[in-house]
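Take a look at the structure below.
The values are calculated or read from the model by the stated rules, or taken from the named source; none is laboratory data. In this text the structure is predicted, and so the values were computed from the model without any measurement. Quick reminder, even Gly has a Cβ in these numbers, built from the backbone with ideal geometry, and neighbours come from all protein chains shown.
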Amino acid sequence: MKERLYRSLQQKSIALTLVVSLAPLLILGATLYHQFENTCREKTREQISYRAQAQAEAIDLFLKERTAILNAMADTHTFQHMIDTQNLTRIFEVMNARAGAFVDLGIIDNTGTHRAYVGPYDLRGRNYIDQPWFNEVMIKGHYKSDVYMGFRQQPHFIIAVRRHENQQAWILRATIDPNRLEEIIRSARIGRTGDAYLVNRQGVFQTRSRFEGAVLSKANLDTRQFGGRITVIEMKDHTGEDCLYAGSWLNDNKWLLVINQQPLELLSRLFALRQMEMVIITLGVLGIVATTIFTTRLVINRLKRTDLEMIELNAQLVQSDKLAALGKMAAGVAHEINNPLAVILQKTGWMEDLLEEEDFQNCENLDEFQKSIAKIEEHVERARKVVHNMLGYARRMEPRQEDVDVNDTIQQTITLLENHARINNIDIQIDLADSIPIIASDQAQLQQVFLNLLNNAIDAIGSNGSIDVVSLREDDRIVVRIKDDGPGLSDEMIRKIFDPFYTTKEPGKGTGLGLWVSHSIMAKMGGNIHVKNNPDRGAIFTVEIPIVIPEKK
């Protein structure tokens, strides 16, 4: 009787233990696998979407840089200068040295005639007046073509800008190397099934597809499915397999960047995890406690890594939105200021012409009038430089080249801050080397860098301190060191000090943009700015300015 009872109790205990032990394990394993699968699939969509956005921004930047260079060349050279083949050849060499990817360069007059040409094809003298792009660039002022064959009978695309000179319009046109554009796009291809290419609104390939077609062939893709900035859809690829397609329209909404990938390849780690889970469940029958702890920790750690990546990605997107909003604001303010400045400058020119008339030459206040007009023009130019700097938030602007005395710029900046420093009982000591040469640079932007650094030094000290400013020449660079005796910076602050929107000041007292803007300015000039702690006390900011000898005037 007891034997049967023990046997029954043993069987029931085993059965109950197995049910209680294995049921939660199986439920937990199934639940975690389902959640992880959903997370991985969502992460896969986010990953391909992020790749499409990042690659689209890289292509936009590539095209904008080439367009900006064309605009700069057209703005800074006259038509007569550029139709000289030797001059155009030098300009073409400079453009390729600065940015590259230009195949040829040509000047087209308002009759559509190719007046000057530098490149590998015989295009000089050809007439483009019947070409659709010619009329579009004459009307809109700029044009970026689709890929087409043209006179040269090879796939290519062009960028053209229009300029007015002496009541006549002319066009600066450049062919962009399609291979350079394809290099950027190919970098987005991942794995065996990954592909990336450009199509226009009609679905015609603008770059080669890895699997689906050549340039100028028709893609098996309806571009109307892709709306907004980033769209991810799932459909069959050329092999009939399920495939994720991420599409991102470029900023002018003319070309669509498409990145596609088979999700099975991206989810290969998920299938490996499924096999591992089956092994863990089998081992769980023999060692339920150890196996449960092991699997739980493994899955949680993986989820943590996934969450951290998602948080970091969201932070980057929020920061990009902030910078975009700031850029739009700066562009709007700068536009509103430019208009009255232009009117003021026009009126002062008219007043100068009036003072040249005989009726005003005998006026006893003539000198005062002339000095006042000169003062107005001086401050208008100063305001124009401020507008130029504000536009630096909205778009990538190259520094303005002028003759700059770095020591004099430092002196002027210190003069602006002397009263602020004196009120806070802060002594500014300077040691400027006499061997510093006059360089070609942008004085307004350099002054902005020095002003940001000195202002930060004063804020860091607070009161009752000193700032040392030293300039010297080291090889082909001018080095300016600004040292304060404030509290210094932690290692974490030094790592993040040049990040946008990072500030060590109290809330409401700093935007976190000053050092980021200063770092961007020096990068554009080909220089550098870095910081370290002073071993005694405070911090040392070092500005390295490249020595560029001004051209003789």
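Of all residues in the range 203-226, which are among the hydroxyl-bearing types (Ser, Thr, Tyr) and more than 19 Å from residue 193 (Cα to Cα)?
At the first step, the residues of the range 203-226 found to be among the hydroxyl-bearing types (Ser, Thr, Tyr) are 207, 209, 217, 223.
Across the range 203-226, the qualifying residues are 217, 223.
Residue check: is residue 460 in a helix (DSSP H, G or I) and of a type outside the set (S, T, N, Q)?
yes
Pick from 181, 216: which is in contact with a strand residue (DSSP E or B) (Cβ under 7 Å, 6 or more places away or on another chain), hydrophobic (A, V, I, L, M, F, W, C) and within 28 Å of residue 68 (Cα to Cα)?
216
Of these, 336, 377, which one is outside the structural domain of residue 50 (by TED's automatic domain parsing) and modelled with pLDDT under 80?
Matching residue, one of 336, 377: 336.
Is it the case that the range 417-438 has a residue that's assigned to a strand (DSSP E or B), under 22 Å from residue 487 (Cα atoms), touching a strand residue (DSSP E or B) at 6+ places or on another chain (Cβ under 9 Å) and of a type in the set (Asp, Glu)?
Yes, that holds for at least one residue.
Confirm whether residue 122 is in a loop (DSSP other than H, G, I, E, B), exposed (fewer than 14 other Cβ atoms within 10 Å of the Cβ) and either without any contact (Cβ under 8 Å) to a residue 24 or more places away in the chain or in contact with a Phe, Trp or Tyr (Cβ under 8 Å, 6 or more places away or on another chain) (or both).
On the way: in a loop (DSSP other than H, G, I, E, B): yes; exposed (fewer than 14 other Cβ atoms within 10 Å of the Cβ): yes; either without any contact (Cβ under 8 Å) to a residue 24 or more places away in the chain or in contact with a Phe, Trp or Tyr (Cβ under 8 Å, 6 or more places away or on another chain) (or both): yes.
Judged against the criteria, residue 122 is a match.
Restrict the check to the range 48-57 and report whether at least one residue is assigned to a loop (DSSP other than H, G, I, E, B), modelled with pLDDT of 85 or more and on the phi < 0 side of the Ramachandran plot.
No, because not a single residue in the range 48-57 is assigned to a loop (DSSP other than H, G, I, E, B), modelled with pLDDT of 85 or more and on the phi < 0 side of the Ramachandran plot.
Provide a single number: the residues in the range 130-148 that are touching a strand residue (DSSP E or B) at 6+ places or on another chain (Cβ under 8 Å) and part of a loop (DSSP other than H, G, I, E, B).
Qualifying residue count for the region: 4.
Looking at (1) touching a residue at least 60 places away in the same chain (Cβ under 8 Å); (2) touching a helix residue (DSSP H, G or I) at 6+ places or on another chain (Cβ under 8 Å), find the lone condition where residue 473 falls short.
The one condition residue 473 does not meet is (2).
Among the residues of the range 128-140, is any farther than 16 Å from residue 168 by Cα, among the aliphatic types (A, V, I, L, M) and surrounded by fewer than 17 Cβ atoms within 10 Å (Cβ to Cβ)?
Looking through the range 128-140, none of the residues is farther than 16 Å from residue 168 by Cα, among the aliphatic types (A, V, I, L, M) and surrounded by fewer than 17 Cβ atoms within 10 Å (Cβ to Cβ).
Return a yes/no flag: does the range 535-545 have any residue that is of a type outside the set (Asp, Glu), surrounded by fewer than 16 Cβ atoms within 10 Å (Cβ to Cβ) and over 26 Å from the mean Cα position of the chain (by Cα).
yes
Using beta carbons and a limit of 7 Å, which pairs, at least six apart or on different chains, have the first residue in the range 206-219 and at positive phi and the second one buried (at least 19 other Cβ atoms within 10 Å of the Cβ)?
As it stands, the answer is 213/205; 213/219; 216/147; 216/205, since those pairs meet every condition given.
Kindly check whether there is at least one residue in the range 186-207 that is assigned to a helix (DSSP H, G or I), surrounded by 13 or more Cβ atoms within 10 Å (Cβ to Cβ) and under 23 Å from the mean Cα position of the chain (by Cα). Quick ask: steps written out before the conclusion?
Initially, the range 186-207 is screened for residues assigned to a helix (DSSP H, G or I), giving 186.
Keeping just the survivors that are surrounded by 13 or more Cβ atoms within 10 Å (Cβ to Cβ) gives 186.
Subset that is under 23 Å from the mean Cα position of the chain (by Cα): 186.
Yes: the range 186-207 contains one or more residues that are assigned to a helix (DSSP H, G or I), surrounded by 13 or more Cβ atoms within 10 Å (Cβ to Cβ) and under 23 Å from the mean Cα position of the chain (by Cα).
Give me the pairs: first residue in the range 64-83 and among the small types (Gly, Ala, Ser), second residue modelled with pLDDT of 90 or more, beta-carbon distance under 6 Å, and six or more apart or on different chains, which are they?
Close Cβ pairs satisfying both conditions: 74/161; 74/163; 74/172.
Does residue 479 satisfy the condition of being hydrophobic (A, V, I, L, M, F, W, C), under 17 Å from residue 439 (Cβ atoms) and part of a strand (DSSP E or B)?
So residue 479 passes the test.
Please determine whether any residue of the range 502-515 is at pLDDT below 90, assigned to a helix (DSSP H, G or I) and under 24 Å from the mean Cα position of the chain (by Cα).
Yes, the range 502-515 contains a residue that is at pLDDT below 90, assigned to a helix (DSSP H, G or I) and under 24 Å from the mean Cα position of the chain (by Cα).
Would you call residue 518 closer than 27 Å to residue 411 by Cβ, surrounded by 19 or more Cβ atoms within 10 Å (Cβ to Cβ), of a type outside the set (Val, Ile, Thr) and modelled with pLDDT of 90 or more?
It is false that residue 518 is closer than 27 Å to residue 411 by Cβ, surrounded by 19 or more Cβ atoms within 10 Å (Cβ to Cβ), of a type outside the set (Val, Ile, Thr) and modelled with pLDDT of 90 or more.
Give me the pairs: first residue in the range 223-252 and without any contact (Cβ under 8 Å) to a residue 40 or more places away in the chain, second residue acidic (Asp, Glu), beta-carbon distance under 6 Å, and six or more apart or on different chains, which are they?
Partner pairs satisfying both residue conditions: 238/212.
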